[in-house]
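Structure record follows, encoded as structure tokens.
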């Protein structure tokens, strides 16, 4: 009788180990972040081009590319100003992870978080550097959280919905608006 209890305990322990290993592997593959970790940890000099979409009224969509004389508009809104292209990347690099909210959101959940059609979408192409490969980085920003000073977001195309720091407001209402020739809602505080 005692050996059956030990055997059952060993089986339960083995199942727990398999579960933990599987979850950890998934977290590594999906790029799980720790609280206060920046979500765009690459130097902005590694960004060779990026697409930026601001869904507001008015707003726009633009594709920037780094040229020999700095940033230039490749396509998109005629009102887009390439001189503000570095400001968007700078604003993105200040945004920090707060916490995970929803692992597998449904379409209704995405609508509730403002991520069915994100307010801001940024997709950057990174150049390879030393031992780090090139690739892409992506951010989709939704609505502000009603309970914390944070915004709902999805990072790098993963389905998980997370909260990111209130610094995301600068990407929506500051640098993001300036790119399209709109007055920043923070322009008074920047003077």
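The values are calculated or read from the model by the stated rules, or taken from the named source; none is laboratory data. Computed from a predicted structure; not experimentally measured. Positions of Cβ are generated from backbone atoms using ideal geometry, with glycine treated the same way; all protein chains shown enter the neighbour counts.
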- Message: modelled with pLDDT of 90 or more and assigned to a loop (DSSP other than H, G, I, E, B): is that true of residue 140 in this structure?
- Response: no
- Provide a single number: the residues in the range 103-126 that are surrounded by 17 or more Cβ atoms within 10 Å (Cβ to Cβ) and assigned to a strand (DSSP E or B). 6
- Message: Which of the numbered conditions does residue 83 fail, given that it passes all the others? Conditions: (1) modelled with pLDDT of 75 or more; (2) over 19 Å from residue 135 (Cβ atoms); (3) surrounded by 12 or more Cβ atoms within 10 Å (Cβ to Cβ).
- Response: (3)
- Query: When residue 136 is evaluated against the numbered criteria (1) surrounded by 13 or more Cβ atoms within 10 Å (Cβ to Cβ); (2) touching a strand residue (DSSP E or B) at 6+ places or on another chain (Cβ under 8 Å), which criterion, by number, is the only one it fails?
  - Reply: (1)
